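Colleague: Supplied in C-alpha cells, the structure appears directly below.
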Amino acid sequence: MGFRPWRRPSQPILRRGSNEVLDLLERADEALWFAHALTACSEAGVVRHLESPSTLQDISKNLSLDPGLAAALVDVLVGAGLATCEDDSIRAAPALQPFTTEDGAKVLQAALQAPLLQVKDFRERLRDGRMALNGWTHTDEAIIEAQGALTRLWTAKALPKLKFLPGLVTCLERQGASLLDVGAGAAGLSITLCQAFPHLTATALEPAEHPAIIGERHVREAGLDGRIVLRRQRIEHIEDEEAFDLAFLPQMFLSDPAMSEAARRIFRSLRPGGWLLVAVLADEGHGIASSVNRLKNLLWGGHTRSMDSIKPHFVAAGFNPVIRAPGGRMLRMICARRPVSGRSP
C-alpha cells in the first residue's frame, strides 16, 4: 500500500564552524519573518483581496495600506510562489486560491496564528517561571480556535488518503457509519469528516471545559448537532463496544500511563475491521524538525514518544496490522486495524 517501513534514523552531521551557527540564525530569521509576513498578509486582508485578480493600487487603497507596504506584502506572496504579478495584475496561485474565499481566509488566518500564539505562550510561561509539563491546558479562545482551524486543514488534506485503508471509505459511506474523535478540541476533525461523509455520525471526546464549549458551538454553527455529540470524557474511561468504524487518536496529548489503556479501550470500541488513526509528532530523527517536534510533543503532554515506541501499545491491544503511513515533517500517522474476525484480547 506504499507505507513506509519502521526504520532507524541516521546521526546528524556535527557542525564545526561558527559560520554554520550564523547560517542557522539567518535561516531562523527568514522563517520567523516569513511566518509573520504571511500572517500579516492574512490579517490585513491581502489574501482575501486576491479572490479575484487585483492591482497594487487597488490593494493599497481598499485595505488602507501604505503603497510600499502593500507592494512588500505582495512580494512575499510572490516569493513564496503563492501569487503572480504580471503587467500590474496580481493573481493568487492555484494553491492559495481556496484560501482567498471568506471561509478559506478565516481558516488560513487561524492556522497561521496557532503556532505563533502557542510559541508566545510557551516563552512567556518559561520566562515567568510558570512552566509546568501538564499537557495541553490552554484556555485562551484564540489558541483553541486556531488549533481547531489547523486540525480542519490537516483533516481535509488527509481525506484522499483514506482510500488506501482497505474497507474504510466503504464503511464511512454507509448508513450507520460512526466516528470516535478523541481529544476533539474545537471539533474540527468531526465536522470535516461529517461534511465529507453524509451518513457519518461522530462521538467527540473532549474532557477540557473550554475547548468543549467552543467545539459544541462550532457543531451547532455547522448544523451538525444532530450528528455530532461531544462527551466530556477521557478515552481511558469509555465503555463503548463495537460502536465505531473509525477512531482518531492524537496521542501527543496523552500521558505515558494512559497509552496502553487508551489502546485497549479503542480496540474494544471499534467494530471488527474498523481502523484507528494515531497522530504522531515526535520521531527518532536528529534534525531540527525532529527535535522541535519532540519539544512540542513534550509540551502537549505526550512526553517524547516516537513512532517505534508507540507501536507496541497497539500490537498488544490486538490491532493487526499496525503500519506507518507516509507523512510530512510535522505530522505523521500510524494506521492500525481491528481484525475483521476475533474479539478483544
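The values are calculated or read from the model by the stated rules, or taken from the named source; none is laboratory data. Everything numeric in this text was worked out from a predicted model, so none of it was measured. Positions of Cβ are backbone-derived with ideal geometry, glycine not excepted, and every protein chain shown enters the neighbour counts.
Colleague: Give all pairs with beta carbons closer than 8 Å in which a residue from segment 132-144 that is surrounded by 12 or more Cβ atoms within 10 Å (Cβ to Cβ) meets a residue that is aromatic (Phe, Trp, Tyr); count only pairs at least 6 apart in sequence or on separate chains.
Modeller: Gly135/Phe253; Gly135/Trp300; Trp136/Phe253; Trp136/Trp300
Colleague: Quick one: what pairs do we get from segment 82-109, first residue on the phi > 0 side of the Ramachandran plot, second assigned to a loop (DSSP other than H, G, I, E, B), C-beta under 7 Å, 6+ apart or different chains?
Modeller: Asp88/Thr55
Let's see how each residue does on (1) of a type in the set (A, V, I, L, M, F, W, C); (2) surrounded by fewer than 19 Cβ atoms within 10 Å (Cβ to Cβ); (3) more than 21 Å from Gly188 (Cα to Cα); (4) at pLDDT 90 or above:
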{"position": "Leu77", "(1), (2), (3), (4)": "yes, no, yes, yes"}
{"position": "Ala80", "(1), (2), (3), (4)": "yes, yes, yes, yes"}
{"position": "Thr84", "(1), (2), (3), (4)": "no, yes, yes, yes"}
{"position": "Ile90", "(1), (2), (3), (4)": "yes, no, yes, yes"}
{"position": "Ala93", "(1), (2), (3), (4)": "yes, yes, yes, yes"}
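Colleague: Out of the residues in segment 232-253 meeting the condition of being assigned to a loop (DSSP other than H, G, I, E, B) and under 22 Å from the mean Cα position of the chain (by Cα), tell me which one is nearest to Val278 (Cα to Cα).
Modeller: Here the answer is Arg234.
Okay, residues lined up against (1) surrounded by fewer than 19 Cβ atoms within 10 Å (Cβ to Cβ); (2) touching a Phe, Trp or Tyr at 6+ places or on another chain (Cβ under 6 Å):
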site: Ala258; (1), (2): yes, no
site: Ala325; (1), (2): no, yes
site: Cys335; (1), (2): no, no
site: Val340; (1), (2): yes, no
